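Some notes on the structure that comes next.
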Amino acid sequence: MKVLIATDKPFAKVAVDGIREEVETAGFELALLEKYTEKQQLLDAVVDAEAIIIRSDIIDAEVIAAAKNLKIVVRAGAGYDNVDLEAATAAGVCVMNTPGQNSNAVAELVFGLLVFAVRNFYNGSSGIELKDKKLGIHAYGNVGRNVARIAKGFGMKLYAYDAFCSDELIQSEGVTPVSSVEKLYETCDVVSVHIPATSETKKSINAALVNRMPKGAIIVNTARKEVINEAELVQLMETRTDIKYMTDILPDNHAEMTEKCAGRYFSTPKKMGAQTAEANINAGIAAASQIVDFINNGNQRFRVNK
Ligand code: 3PG
């Protein structure tokens, strides 16, 4: 029984050690493919794997077809838009994620980006404070809830919109639920984006929506670039010179954004929200133990494909 860790962006060593212990204690074998540069390396590595642990690595129909012995893929993290679920289902492969395991790390980065934004990219000029500003949490899942918890420490006023989460739950955490996404953007000085990339959400954060935000608005995106209409956003930011865009996912139009929105746009070079030892340990070991429990006991609790 071979478990492959296939991570273009490697886990911290301590997390790999923890995964190894989990896998070897179960009597399974661990293989490691990190920092691969060609898809062929992934195709070669999956050939004899029965289980694969991935991060944002692309598991498409070709990879699934190459992995003849594959039984399970676990995305060590939240978003599984990088896995072809239909191809997996057709091949009888179980796909899981590890919800919540890396969410604090992502939420902390939101505030790293926000303080950087309101202090004018640390250029020494006089900035503003987060205290008393209205923060809109766009989707109140695991990351959104951690953002709310941290934002309370900053003294921000909290609002959230989530189509799938009850107003009661949002309210019970001291956050004001709003009835529509438009209302969230209209109300809030800062919006933190936490929606997954799906056919419904792709490009849904467009110029019309962002233009509803008050003067001095900041959007912070630690979710997915696909949910932003990047072409419209850069156009809007040319006229709305008060808006800032802070992102952890390099936009397709990064060069244009950098040129046209200097001082108001920042992107990390490679998504690093979940790139902490703690998040790697939590998500990586959860992935390994989910694999062991699936293989040994058939537990499918975190399955995301039908
Ligand atoms: C997730 O969906 O869990 C986050 O976006 C983290 O992705 P990563 O594992 O590629 O850093």
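The values are calculated or read from the model by the stated rules, or taken from the named source; none is laboratory data. Just so we're clear, the structure is a prediction, and the values are computed from it rather than from any experiment. Please note: Cβ atoms are built from the backbone with ideal geometry, for glycine as well, and neighbour counts cover all protein chains shown. Only protein heavy atoms, including side chains, enter the accessible area calculation; ligands, DNA and RNA are left aside. Shrake-Rupley method; radii C 1.70, N 1.55, O 1.52, S 1.80 Å.
Need the failing condition index for residue 274 against (1) away from the ligand (no atom under 16 Å from the Cβ); (2) closer than 30 Å to residue 4 by Cα; (3) in contact (Cβ under 8 Å) with a residue 40 or more places away in the chain, just the number.
All conditions are met except number (1).
Scan segment 239-252 and give yes if some residue there is of a type in the set (D, E, K, R) and part of a helix (DSSP H, G or I), otherwise no.
Restricting attention to segment 239-252, the residues satisfying the condition of being of a type in the set (D, E, K, R) are 240, 242, 244, 248, 252.
Within this subset, residues satisfying the condition of being part of a helix (DSSP H, G or I) are none.
Looking through segment 239-252, none of the residues is of a type in the set (D, E, K, R) and part of a helix (DSSP H, G or I).
Against the definition (outside any strand (DSSP E or B) and open to solvent by less than 10 Å² (accessible area, probe 1.4 Å)), how does residue 283 come out, yes or no? Let's see the steps before the verdict.
On the way: outside any strand (DSSP E or B): yes; open to solvent by less than 10 Å² (accessible area, probe 1.4 Å): yes.
Spelling it out, residue 283 is indeed outside any strand (DSSP E or B) and open to solvent by less than 10 Å² (accessible area, probe 1.4 Å).
How many of the residues making up segment 33-61 are aliphatic (A, V, I, L, M) and away from the ligand (no atom under 16 Å from the Cβ)?
As a first pass, look at segment 33-61 and keep what is aliphatic (A, V, I, L, M): 33, 42-43, 45-47, 49, 51-54, 58-59, 61.
Right, trim to away from the ligand (no atom under 16 Å from the Cβ) and you get 43, 45-47, 49, 51, 61.
Residues meeting the conditions: 7.
Please enumerate the residues belonging to segment 293-306 that are surrounded by fewer than 20 Cβ atoms within 10 Å (Cβ to Cβ) and assigned to a helix (DSSP H, G or I). Step through it out loud before you land on a result.
Going through segment 293-306, the residues surrounded by fewer than 20 Cβ atoms within 10 Å (Cβ to Cβ) turn out to be 293, 295-306.
Residues satisfying the conditions are 293, 295, 296, 297.
Only one of 130, 109, 85 is modelled with pLDDT of 95 or more, under 20 Å from the mean Cα position of the chain (by Cα) and in the same structural domain as residue 165 (by TED's automatic domain parsing). Can you tell me which?
Details: 130 fails: under 20 Å from the mean Cα position of the chain (by Cα); 85 fails: in the same structural domain as residue 165 (by TED's automatic domain parsing).
The match here is 109.
Considering (1) closer than 23 Å to residue 278 by Cα; (2) away from the ligand (no atom under 14 Å from the Cβ); (3) surrounded by fewer than 19 Cβ atoms within 10 Å (Cβ to Cβ), say which one residue 4 fails and leave the rest.
Here residue 4 clears every test but (3).
Can you name the number of the only condition in (1) outside the structural domain of residue 13 (by TED's automatic domain parsing); (2) away from the ligand (no atom under 12 Å from the Cβ) that residue 290 fails?
Going through the list (1) outside the structural domain of residue 13 (by TED's automatic domain parsing); (2) away from the ligand (no atom under 12 Å from the Cβ), residue 290 breaks only (1).
Filtering segment 258-270 down to residues that are open to solvent by less than 50 Å² (accessible area, probe 1.4 Å) and on the phi < 0 side of the Ramachandran plot, which residue is nearest to the ligand (Cβ to nearest atom)? Can you show your working first?
Step one: of segment 258-270, the residues open to solvent by less than 50 Å² (accessible area, probe 1.4 Å) are 261, 263-265, 267-268.
Going one step further and asking which of them are on the phi < 0 side of the Ramachandran plot, we end up with 261, 264-265, 267-268.
Working: 261: 23, 264: 24, 265: 20, 267: 14, 268: 11 Å.
Filtering segment 258-270 for residues that are open to solvent by less than 50 Å² (accessible area, probe 1.4 Å) and on the phi < 0 side of the Ramachandran plot, the one nearest to the ligand (Cβ to nearest atom) comes out as 268.
Residue pairs, Cβ under 9 Å, 6 or more apart or interchain, first in segment 6-29 and without any contact (Cβ under 8 Å) to a residue 24 or more places away in the chain, second open to solvent by 30 Å² or more (accessible area, probe 1.4 Å). List them.
Close Cβ pairs satisfying both conditions: 13/277; 20/32; 21/285.
Among the residues of segment 62-116, count how many are open to solvent by 20 Å² or more (accessible area, probe 1.4 Å), closer than 30 Å to residue 127 by Cα and within 16 Å of the ligand (Cβ to nearest atom).
Total satisfying the criteria: 4.
In the list 248, 242, which residue meets the criterion of being open to solvent by less than 10 Å² (accessible area, probe 1.4 Å) and under 17 Å from residue 220 (Cβ atoms)? Before you say what the answer is, go through the steps one by one.
Working: 242 fails: open to solvent by less than 10 Å² (accessible area, probe 1.4 Å).
It is 248.
Name the single residue, out of those in segment 117-128 being in contact with a helix residue (DSSP H, G or I) (Cβ under 9 Å, 6 or more places away or on another chain) and not in a helix (DSSP H, G or I), that is least open to solvent (accessible area, probe 1.4 Å).
At the first step, the residues of segment 117-128 found to be in contact with a helix residue (DSSP H, G or I) (Cβ under 9 Å, 6 or more places away or on another chain) are 122, 126-128.
Filter once more, keeping what is not in a helix (DSSP H, G or I): 126-128.
Details: 126: 111, 127: 34, 128: 86 Å².
The selected residue is 127.
When you scan segment 240-247, do you find a residue that is within 22 Å of the chain's Cα centre (by Cα), of a type in the set (S, T, N, Q), within 16 Å of the ligand (Cβ to nearest atom) and at pLDDT 95 or above, even just one?
Looking only at segment 240-247, we keep the residues that are within 22 Å of the chain's Cα centre (by Cα), and these are 244-247.
Then keep just the ones that are of a type in the set (S, T, N, Q); that gives 247.
Going one step further and asking which of them are within 16 Å of the ligand (Cβ to nearest atom), we end up with 247.
After this cut, where a residue has to be at pLDDT 95 or above as well, the list is 247.
Yes, the conditions are met somewhere in segment 240-247.
I'd like the full set of residues that are more than 23 Å from the chain's Cα centre (by Cα) and free of Cβ contacts under 8 Å to residues at least 60 places away in the same chain, limited to segment 33-55.
Initial filter on segment 33-55 (more than 23 Å from the chain's Cα centre (by Cα)): 38, 40-41, 43-50.
38, 40, 41, 43, 44, 45, 46, 47, 48, 49, listed by residue number.
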